[in-house]
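Asks: This is the structure, below, for whatever I ask next.
The values are calculated or read from the model by the stated rules, or taken from the named source; none is laboratory data. This one's a predicted model, so the numbers in the text were calculated from it and none came from an experiment. Cβ placement follows ideal geometry from the backbone for every residue including glycine, while neighbour counts extend to all protein chains displayed.
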Amino acid sequence: MLFRQAFRKLSHTVGRRAKSTATFGDEGASSSGSGALLAAVGTTFVTYMTADFLSNFIQHPTQQMDYGYFNQFIGRPVTSNWWGTRTEHIVGVAACLAVTDHASQAYFSKFWLGGRVLSFAAAPATFVAHTFFFIFTGVTLYVGADAAFNPQHAGKRSEEFFSGTYSSAVGSCTAWYEPYVSPALARIAGPAIAGSWVGSSLLPATLAYSTVKGCGWNDWGNSGLNDLELSLNGLTGDKE
């Protein structure tokens, strides 16, 4: 098979994580284990924030983005510090995905693999199922929080939630390829690069963010822009 050699070479690093970085399943888990879990979730959170930011350059390579409060540091106007900005999305989605990623790893390891650590090399079908499950639940969790608390959605919160949930389902289905990115990279650039943080975590996540947002919300090019972004990019008329 195409990725057989990559599986062998990357048995400890294949996919975004060959092994779950979460610590679970030990009834006598120590405080150090809890600390390791928090550190792992924190690392995942930073990785996903970085991936979301970088994915904007894939989806909108020539467009200026609205980063809310941070616009003032890059010479762009600020119309909203947080709500409805790319910064809200970057931080909010990453926080939700960091939680659901590790929770999903724990679930699939315990109930599908009999306590064995979740690994794409050892259980590729289970890992792909985990990938869809944690992305869909994480993004939908963010959609729900945004629909409930974003003042821009006042009067249409239910509509925003159901619309966002549908988009989340559509977009999440496009991320099936994410675990295959690192093995493919191993064939092209070698196991050292594929097994690094960039090759095994950041690159797959960045590509997945691009397709989930792009296909789920039609967030490409001049589409999917908010009002300020339309103005920044000299576009007129209704948002596409």
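Asks: Looking only at segment 125-167, which residues are in a helix (DSSP H, G or I) and of a type in the set (D, E, K, R)?
Replies: Correct list: D146, R157, E159, E160.
Asks: Is at least one residue of segment 131-138 touching a Pro at 6+ places or on another chain (Cβ under 8 Å) and buried (at least 17 other Cβ atoms within 10 Å of the Cβ)?
Replies: yes
Asks: Please name all residue pairs, on different chains or six or more residues apart, with Cβ atoms under 8 Å, provided the first residue is in segment 25-44 and is surrounded by 13 or more Cβ atoms within 10 Å (Cβ to Cβ) and among the hydroxyl-bearing types (S, T, Y) and the second residue is at pLDDT below 90 and not in a helix (DSSP H, G or I).
Replies: Final answer for the pair search is T43/T21; T44/T21.
Asks: Which pairs do you get when a residue that is at positive phi, found in segment 96-116, comes within reach of a residue that is of a type outside the set (A, V, I, L, M, F, W, C) and surrounded by 17 or more Cβ atoms within 10 Å (Cβ to Cβ), reach meaning Cβ atoms under 7 angstrom, with the pair 6+ apart or on two chains?
Replies: G115/S109
Each row is one residue, and each column tells you yes or no for (1) modelled with pLDDT of 50 or more; (2) of a type in the set (K, R).
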position: R4; (1), (2): no, yes
position: R8; (1), (2): no, yes
position: V14; (1), (2): no, no
position: A29; (1), (2): no, no
position: G35; (1), (2): yes, no
position: G68; (1), (2): yes, no
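Asks: Restricting the search to segment 45-84, which residues are aromatic (F, W, Y), touching a residue at least 24 places away in the same chain (Cβ under 8 Å) and surrounded by fewer than 16 Cβ atoms within 10 Å (Cβ to Cβ)?
Replies: W83
Asks: Another question about this same structure. Taking F120, is it of a type in the set (F, W, Y) and modelled with pLDDT under 95?
Replies: Yes: the conditions hold for F120.
Asks: Something else now. How about segment 191-224: which of its residues are assigned to a loop (DSSP other than H, G, I, E, B) and out of contact with any Asp or Glu (no Cβ under 8 Å at 6 or more places or on another chain)?
Replies: G195, S196, D219, W220, G221
Asks: So V91 passes all but one of these: (1) in contact (Cβ under 8 Å) with a residue 24 or more places away in the chain; (2) touching a helix residue (DSSP H, G or I) at 6+ places or on another chain (Cβ under 6 Å); (3) of a type outside the set (D, E). Which condition number does it fail?
Replies: (2)
Asks: Here's a check for you: in segment 59-83, which residue that is hydrophobic (A, V, I, L, M, F, W, C) and in a helix (DSSP H, G or I) is farthest from S223 (Cα to Cα)?
Replies: Among those residues, the one meeting the criterion is F73.
Asks: With the requirement that a residue be surrounded by 15 or more Cβ atoms within 10 Å (Cβ to Cβ) and among the charged types (D, E, K, R), what does segment 208-239 give you?
Replies: K213, D219, E229
Asks: Among (1) part of a loop (DSSP other than H, G, I, E, B); (2) within 20 Å of S201 (Cβ to Cβ), where does R116 come up short?
Replies: Single failed check for R116: (2).
Asks: Looking at segment 160-167, can you tell me whether even one residue there is under 14 Å from the mean Cα position of the chain (by Cα) and buried (at least 19 other Cβ atoms within 10 Å of the Cβ)?
Replies: no
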